[in-house]
Amino acid sequence: RKADTMKKLGLCACYNHKNYGSQLQSYATTVELKKRNIDYEIIRYKKKITPLLLTKAIPRLFNPVFINDRIIETFQKKLMLKLHSQLAEQNAVRNDAFNKFSENRFKKLSPIYYGYDELKKQSKKYTAVMVGSDQLWSPSGITSNFYNLMFAGDSCTKISYATSFGVSQIEQRYHKIYKNFLDRLNYVSVRENSGKVIVDKLSINDAVVVCDPVILLDSDEWLEEIPNKNLFNEPYIFAYFLGKSQEYRDEVTKFAKEKNLKIVTELHMDSYNKADRGFGDYTPFDIGPAEFVNLIRNAKYIFTDSFHGSVFSMLYKKQFSIFNRYSNDSVSSKNSRIDSFCETYGLNDRRFSGNINDVENAIDYDCVLEKVKNHRMLSKAFLDNALSCFSNGD
């Protein structure tokens, strides 16, 4: 009978997604759970294709965010890998680096639960379930009932940590779905200020704005998890762009020439990217999440339109500049997370506003990192409270 009293946390996180931010924030979440001696496992769930599932998926085909993010991008990437065999080989090298990180760092995995009924049944073994960070509450995937924790029963504590909606507002037609799952959560925290506005508007629950999981670890703690290794023996600029702007890349190229520095970059990350052709001096593909952190750690300047690229630049006190990946009127704009990041830590002057030399402006890192420290403390206090069902006195 003793095993029955063992308390376990089920974690819903995008740990296997081939994306630096997804894997690093999933990993940071597990580090935080380990520090607290919480027995956890990452829940692995595979949908069974049933007529009901297909019927439920139909509304997504009319969702512009889903069409843009999932269907068009995936199709383009597959097509381009077919057309460019060299890119397919390079992409395989990068995927290999992601898989290695995932295999080495994520050992505590549940069995694979096939189908929603099995997921519901197995969820009974968890004292609490927690949905991690990332854009897991995006309207494009909200009907799947996994990341919204609808599968967990009433007696199970349901927690969201730094979960993101990915957008700054939710269309009226989704309000009921969101209210339904948000009201069931016992502890709600979000990553963006705009996320708090959404929760406060749609739910009986209050949301706390906490820091992204990677910020739960300071630069020294990241050094313990990922030892420093400089991949290049000369000073360099790290340019990490996921968007498609040719203008940004031209600006960085011009800046590099003026400074007589080489550009290290990661090409064709989310899909084949025409603007990446011919960009950069060094374009390594064997870059997993650990190498990504080290590329930021050892760069002289960083130019990026990536949220986690910006976060690690801040943690390592870099001279960096943040570019907007989306135009603000784009239906799939995810600029809100950068807005929130800059407002929270006093980094609005890091936004690229037309003059690339602004990257050299001094940053008051004492002030910035004091804000980070306070936000980290608030975020850990939220976790203390949310995870109190695991404390011995319970």
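The values are calculated or read from the model by the stated rules, or taken from the named source; none is laboratory data. Keep in mind it's a predicted model, so treat the numbers as computed, not measured. Note that we place each Cβ from the backbone using ideal geometry, even for glycine, and neighbour counts take in every protein chain shown. Accessible surface areas use protein heavy atoms only, side chains included; no ligands, DNA or RNA. Shrake-Rupley method; radii C 1.70, N 1.55, O 1.52, S 1.80 Å.
With the charge dipole of the chain set up from +1 on Lys and Arg Cβ and -1 on Asp and Glu Cβ about the Cα centre, the Cα lying farthest toward the positive end among the listed residues 361, 238, 152 is that of 152. At q = 0.06, 0.09, 0.10, 0.13 Å⁻¹, work out log10 I(q)/I(0) for the chain with the Debye formula, treating every Cα as an identical point scatterer and leaving solvent out; two decimals please. Calculated log10 I(q)/I(0) at the listed q: -0.24, -0.54, -0.68, -1.18.
Fully extending the segment from residue 6 to residue 277 would add 92.2 nm, taking 0.36 nm per residue of separation and subtracting the current Cα-Cα distance. In this Cβ point-charge picture (+1 for Lys and Arg, -1 for Asp and Glu), segment 271-379 has a dipole of about 220 debye about its Cα centre. Computed over protein heavy atoms with a 1.4 Å probe, the carbon and sulfur contribution to the accessible area of the chain reaches 51%. Helix 20-35 and the long axis of the chain differ in direction by around 50°, with both axes built from C-alpha atoms.
Modelled spin-label separation between residue 201 and residue 176, with each label point placed 7 Å from Cα along the Cα-to-Cβ direction: 1.9 nm. Taking 342, 367, 12 in turn, the Gaussian network model of the chain (Cα-Cα springs below 10 Å) assigns the largest fluctuation to 367.
Full extension of the chain between residue 100 and residue 355 gives 87.9 nm of extra length, using 0.36 nm per residue less the Cα-Cα distance. In the chain, taking the dipole from charged Cβ atoms about the Cα centre, the farthest positive-side position among 189, 31, 389 is held by 389. For the pair residue 155 and residue 18 in one chain, pulling the backbone fully straight at 0.36 nm per residue adds 45.9 nm over the alpha carbon distance. With N the number of residues in segment 154-266, Rg(Cα) / (2.2 N^0.38 Å) evaluates to 1.58. When only Cα pairs below 8 angstrom with a gap of at least 6 residues are kept, the chain shows a relative contact order of 17 percent.
Placing R0 at 45 angstrom, the Cβ-Cβ distance between residue 381 and residue 85 gives a FRET efficiency of 0.30 after rounding to 0.05. Short-range pairs are left out: with C-alpha atoms under 8 Å and at least six residues apart, the relative contact order of segment 281-324 is 36 percent.
Over segment 247-318, calculate the relative contact order: mean separation of alpha carbon pairs under 8 Å at least 6 apart, over the residue count, as a percent. This gives 24 percent for segment 247-318. Assuming charge only on the beta carbon of Lys and Arg (+1) and of Asp and Glu (-1), the dipole of the chain about its Cα centre is about 1560 debye to the nearest 20. Could you tell me how many degrees, from 0 to 90 and to the nearest 10, lie between the Cα long axis of helix 336-345 and the main elongation axis, the longest principal axis, of the Cα atoms of the chain? With rounding to tens, the tilt is 80 degrees.
Name all residues of segment 347-381 having a backbone nitrogen under 19 Å from the label point set 7 Å from the Cα of residue 259 along its Cα→Cβ direction, giving them as ranges. So the set is 348-365. If you plug the beta carbon distance of residue 44 and residue 247 into 1/(1 + (r/R0)^6) with R0 = 35 Å, you get a FRET efficiency near 0.25. Roll a 1.4 Å probe over the protein chains and send me the accessible area per residue for segment 72-211 in Å². Result: 47 Å² per residue.
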